[in-house]
Amino acid sequence: MIDRMLFAEALETQKCLDEGVLTSTADANIGSIMGIGFPPWTGGSAQFIVGYSGPAGTGKAAFVARARELAAAYGDRFLPPESLLS
């Protein structure tokens, strides 16, 4: 349940960065903590992506692997955007 909540918000943040709605990761991190209540211990929603630590390891690649697992179990809303795949 926690992963689904954090991943949904982090993936939407990445999409906002991709679309230019957010112009910096600093804005994304501060806005997610102060604006939508993302857990401060994560560093913010953008930092959560690069700092993710899970069963597949750490970092962006591990985040993408877990997002794909969530997508397989809970639907396409958890598919990582192209920007996270490069």
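Any read-out appearing in this document is the output of simple, stated calculations on the displayed coordinates, not a laboratory observation. If you're wondering where the values come from, they're calculated on a predicted model, not measured in any experiment. In this analysis, Cβ positions are derived from the backbone assuming ideal geometry, glycine residues included, and neighbour counts consider all displayed protein chains.
About its Cα centre, the dipole of the chain is roughly 220 debye, where the only charges are +1 on Lys and Arg Cβ and -1 on Asp and Glu Cβ.
Against the chain, whose longest principal axis comes from its Cα atoms, helix 2-19 is set at around 60 degrees. In this simple spin-label approximation, TRP41 and THR58 carry label points 7 Å from Cα along the Cα→Cβ vector, and these lie 1.6 nm apart.
For the pair ASP18 and ALA71, a Förster radius of 25 Å applied to the C-beta separation gives a FRET efficiency near 0.90, rounded to the nearest 0.05. Each principal axis of the chain carries a Cα extent, and these read 29, 26, 20 Å when sorted largest first.
What's the angle, to the nearest 10 degrees (0 to 90), between helix 60-74's Cα axis and the longest principal axis of the chain? Its long axis makes an angle of about 70 degrees.
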